[in-house]
Amino acid sequence: MNRQKIVAGNWKMNTSLKEAGALVEGIITGSKNKNAVKKIFFPPFTFLKAVTDELINTDHFFTGAQNCSEHEKGAYTGEISVGMIKSVGAKYVLVGHSERRIYFNETSAQLKNKIEQVLKNELTPIFCFGEKLEERKSGKHFETVKTQLNEVLKDFDKNKIANFILAYEPVWAIGTGETATPHQAQEMHAFVRKCIGEMFDETIASQICILYGGSCNAQNAKELFACADVDGGLIGGASLKADDFCKIVESF
Ligand code: 13P
């Protein structure tokens, strides 16, 4: 399978039901002619079904969940299982976003369990990782990313890995307005591909989709997406405005 071009919008804890509907409508209208780019929305759980339903009869638009339980079902008050996510028609699940790692103390062992649940339900995981500012400043960014990849991915069947989506999101770039330079993004994405090649094989490394996330917006998306190993973006703030999201989609 060839690498796909993807623009994904992680809405985080934003929008009301009405705002979610208007945002999706604006994006569908504004990005009609960009069928070669897959668009994925990650709304809050409460609107996941409504947004998914709004996409019926569209091509190249999909939804996903921002998180999932590591358990299949049962007495886990407040949790959402992958089976539930699948039952409303969503196709993707974000796993390992730095906000979940940092604010909710999610560990690599839990992230592995979550990905197992995602695969059991035949959905696609988007596995997020990235270094903190102090790790970059002390030159430990490659080591950090390698460890994050190894700890979570290495035991999965290599035939499944090629269909994973990876998202490099340096913590220092998320919500700060300080995006990685194209050089920094390309350097890390090439490194991630090398790590996947070492862990699995070269074919998988060349096929796997790697998104960049962290203050990616309508102004800088073009130069980031032009990098050889960047297959698209995982967008936070700029995915909440239809015009901005459409401009990012147009950046390929
Ligand atoms: P921002 O685009 O707001 O920096 O967020 C990126 C992100 O965390 C996407 O998952």
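The values are calculated or read from the model by the stated rules, or taken from the named source; none is laboratory data. This one's a predicted model, so the numbers in the text were calculated from it and none came from an experiment. Quick reminder, even Gly has a Cβ in these numbers, built from the backbone with ideal geometry, and neighbours come from all protein chains shown. Side chains included, ligands, DNA and RNA excluded: accessible areas come from the protein's heavy atoms. Shrake-Rupley method; radii C 1.70, N 1.55, O 1.52, S 1.80 Å.
With the requirement that a residue be open to solvent by 30 Å² or more (accessible area, probe 1.4 Å) and in a loop (DSSP other than H, G, I, E, B), what does segment 209-252 give you?
Taking segment 209-252 as the starting set, the residues that turn out to be open to solvent by 30 Å² or more (accessible area, probe 1.4 Å) are 217, 219, 222-223, 226, 228, 237, 240-241, 243-244, 247, 250, 252.
Hits for segment 209-252 are N217, Q219, A226, A228, K241, E250, F252.
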Meets criteria (away from the ligand (no atom under 16 Å from the Cβ), open to solvent by 40 Å² or more (accessible area, probe 1.4 Å) and out of contact with any helix residue (DSSP H, G or I) (no Cβ under 9 Å at 6 or more places or on another chain)) for S206
no
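Looking at this structure, is E143 charged (D, E, K, R) and in contact (Cβ under 8 Å) with a residue 24 or more places away in the chain?
Working: charged (D, E, K, R): yes; in contact (Cβ under 8 Å) with a residue 24 or more places away in the chain: no.
Answer is no for this residue.
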Which residue, of I165, I174, is of a type outside the set (F, W, Y) and open to solvent by 20 Å² or more (accessible area, probe 1.4 Å)?
I174
In segment 70-100, anything away from the ligand (no atom under 16 Å from the Cβ), of a type in the set (V, I, T) and either surrounded by 14 or more Cβ atoms within 10 Å (Cβ to Cβ) or not in a loop (DSSP other than H, G, I, E, B) (or both) is listed as I80, V82, I85, V88
With the structure loaded, tell me whether A185 is crowded, with 21+ Cβ neighbours inside 10 Å and in a helix (DSSP H, G or I) or whether it fails that test.
yes
Could you tell me whether G139 is within 16 Å of the ligand (Cβ to nearest atom), assigned to a loop (DSSP other than H, G, I, E, B) and either of a type in the set (G, A, S) or in contact with a Gly (Cβ under 9 Å, 6 or more places away or on another chain) (or both)?
no
Give the number of residues within segment 11-27 that are in contact with a Lys or Arg (Cβ under 9 Å, 6 or more places away or on another chain) and either away from the ligand (no atom under 16 Å from the Cβ) or small (G, A, S) (or both).
1
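One line per residue, one yes/no per condition, for (1) under 27 Å from S81 (Cβ atoms); (2) at pLDDT below 95:
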| site | (1), (2) |
| --- | --- |
| L111 | yes, no |
| Q117 | yes, no |
| F129 | yes, no |
| R136 | no, no |
| N163 | yes, yes |
| P182 | no, no |
| F191 | no, no |
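Please specify each residue of segment 150-181 satisfying the condition of being assigned to a helix (DSSP H, G or I) and closer than 21 Å to N10 by Cα. So that I can check it myself, show each step before the final result.
Kept after step one, since they are assigned to a helix (DSSP H, G or I), are these residues of segment 150-181: 150-153, 158-161, 171-173.
Hits for segment 150-181 are V171, W172, A173.
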Quick one: in segment 101-113, which of the residues that are in a helix (DSSP H, G or I) and either within 16 Å of the ligand (Cβ to nearest atom) or not charged (D, E, K, R) (or both) is surrounded by the most Cβ atoms within 10 Å (Cβ to Cβ)?
L111
